[in-house]
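Below you'll find the structure, written out as structure tokens, and then a few comments.
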Amino acid sequence: MPRKKKSLEPNQINFRESFASLKFVPRFFKEIRKVNPMLFYVNLLCRVVNAFLPVLILYVGKLIIDEVVLQIAAEEKDLDRLWILVAVEFGLAVISDLISRGISLSDGLLGDQYSINTSVKIIKKTSELNLDQLEDSEFYDKLERARQQTTGRVGLMSNILTQGEDVVVILSLLGGVVAFEPWLIILLVVSIIPTIINEIKFSGTSYSLALSWTQERRELDYLRYAGASDVTAKEVKLFGLSDYLANRFKNLSDTYYMQSKKLAKERAGWGSFFNVIGTSAYYGAYVFIIFRTVAGVFSLGDLAFLSGSFNRLRSKLQGFFTRFTAITESALYLQDYFDFLDLTYTEKSSEGKLPLPKKIESGFQFKNVGFKYPKSEKWVVQNINFQLKAGEKLAFVGENGAGKTTLIKLLLRFYEPTEGEILLDGIPVKQYKQSDYQQYFGVIFQDFVKFELTLRENIAMGEIQEIGDQLRIDGAAEKSLAREVVSELPLGYNQQLGKRFKNGKDLSGGQWQKIAIARAYMKDAGVLILDEPTSALDARAETEAFDRFIRLTEGKTAVIISHRFSTVRIADRIMVLKDGAVLEIGTHQELMKNDKLYAELFNLQAAGYQ
């Protein structure tokens, strides 16, 4: 089915909405100040001093011109005062340059520190959220907009500080102009009104476009990855997908380009029109100053001071309103950032939570548990009742989509049941602090992450606080058969894995799986969950891995998901799932006697090996 063509008109954000986003600026600056208080206050001080220098330099320039005119007319020349004024102006210019460089330096350092700080906050916040939030497309839109403009937030900081500095500059210049000719203020207002109108007209337009294209931007990023990645390269080459992916990327990009082009042309056209009006008003003021000078009301120094002040005022005011629009648009992204940080997750505090038992006594119990995803009416699992006894090895078996992995996620409290409850030693698990509860478990999922870090870090991910404990890492590698992988790599535990970075080594699926299993042993958890843990291992390695697993988890509770019945036979009991419900549960021998789904699947698989 062809893709539906996206509307060329983004959802417009009006000026009032843009202006409202400024309420986040105080919170923004509190965060910046916390990053480096000393540097922050030094930056502010430099800007305050720098704000008064333009009017001082202009006024000294006026005095120099008047002194030059005076000396030209004088019969006896006395240049001492003139050279003092020149030296003062030179000193002010040098100070202004040094302060400006100091401001740029402190802006850059503060910006870099704040950028690091916000990225860390986003990473940590993501880890706090529930899995159902992480799997929601609307959440990813928020996450994408929170990630966007990380460097833009640094620019926002500089813009707001510059805005404050310019307010002082404008007030000081206004004071100078009013002192000489108050009527010039009317022409000044007329010269900047077109700029104000233009900025209000286009306020929020860039953000509106970015907002309406959040999902498409993510799609563009994915198409870049799919079309140019070592992970997808084999399929792209084999199936000749390059042209398809490139064309899909181009078509989507061209649509975005047309929207952006239309907006840019409209903004440039109106900007040019309003600028002509503003420039006309400025030159009207310039002519007025010239007439007053010719009439003898103003001196040549006054002419230089007023024309320079008026020009700078107009420039500063135009910049002020233009920058104001940029600030409100950036503040909209700031709003997305704080909205993301303020996202709530199910467990807001640990108050009133029970302490976890040091040892599991009776085990876990599912009582009438049902689950369906948010915004979905379809039950993934329903009416689930079973007990996972302490020290028991329980296997989940069933066809794809039966609900095996969903039960694991419910047990781990990645999701909360839609109905029913899960008990630990007879107490609802909701009464325990979620993060503490999850420390009970060591888990290896079928889609485990291949961290492109060192081999040592990959194993230590199971208990990262113990990354310095070499004996523990060695033990985990020995238990999972990953020691064979270590011995084959040139740098051993310090070997960089993956091809993303220099000197990285890629591993086979089986090697990666042994490292992933080592993470579970690294944690030494009371409950181990293995979701298809040996799917990439050959039959011999799989048998050895499970034999070791049974010996090494003596007295521990474990859940095993596997499609290979040769492995699930070793479990104490086997639970068979079908269509999100428990069909049968028992030992291998009991289920074979039942002659239901388990026996059917077992015999089908066994026949395949004959």
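What strands (runs of 3 or more DSSP E) lie completely within segment 557-596 and have 3 or more residues being among the acidic types (Asp, Glu) and closer than 23 Å to Asp425 by Cα?
Numbers: elements: 557-561, 573-578, 581-586.
Counting at least 3 such residues, we get no strands (runs of 3 or more DSSP E) at all.
Within segment 71-128, if we keep just the residues that are acidic (Asp, Glu) and in a helix (DSSP H, G or I), the residue that is nearest to Lys433 (Cα to Cα) turns out to be Glu128. What number of residues in segment 85-110 are closer than 16 Å to Met38 by Cβ and either buried (at least 16 other Cβ atoms within 10 Å of the Cβ) or of a type in the set (Val, Ile, Thr) (or both)? The qualifying residues number 5.
Taking only segment 362-403 into account, find how many residues are charged (D, E, K, R) and either within 21 Å of Leu591 (Cβ to Cβ) or outside the structural domain of Pro417 (by TED's automatic domain parsing) (or both). I'd like the intermediate steps shown before the answer.
Restricting attention to segment 362-403, the residues satisfying the condition of being charged (D, E, K, R) are 367, 372, 375, 377-378, 389, 392-393, 399.
Now drop any that are not either within 21 Å of Leu591 (Cβ to Cβ) or outside the structural domain of Pro417 (by TED's automatic domain parsing) (or both), which leaves 389, 392-393, 399.
Of the residues in segment 362-403, 4 are charged (D, E, K, R) and either within 21 Å of Leu591 (Cβ to Cβ) or outside the structural domain of Pro417 (by TED's automatic domain parsing) (or both).
Contact annotation: no residue pair with Cβ atoms under 7 Å, 6 or more positions apart or on different chains, pairs a residue in segment 545-556 that is at pLDDT 75 or above with a partner that is surrounded by fewer than 18 Cβ atoms within 10 Å (Cβ to Cβ) and polar (S, T, N, Q). Consider segment 285-306 and keep the residues that are among the small types (Gly, Ala, Ser) and buried (at least 18 other Cβ atoms within 10 Å of the Cβ). The one that is modelled with the lowest pLDDT is Ala285. Here Arg472 meets the list (1) part of a strand (DSSP E or B); (2) more than 30 Å from Ser376 (Cβ to Cβ) almost entirely, failing just condition (1). Among the conditions (1) touching a Leu at 6+ places or on another chain (Cβ under 8 Å); (2) more than 17 Å from Lys404 (Cα to Cα); (3) in a loop (DSSP other than H, G, I, E, B), Arg548 misses just one, which is (3). Has segment 481-490 got any residue that is of a type outside the set (S, T, N, Q), more than 30 Å from the chain's Cα centre (by Cα) and under 30 Å from Ala390 (Cα atoms)? Yes - at least one qualifying residue is present in segment 481-490.
The values are calculated or read from the model by the stated rules, or taken from the named source; none is laboratory data. All figures in this text were calculated on a predicted structure; none of them were measured in a lab. All Cβ positions, even for glycine, are placed from backbone atoms using ideal geometry, and neighbour counts span all protein chains on display.
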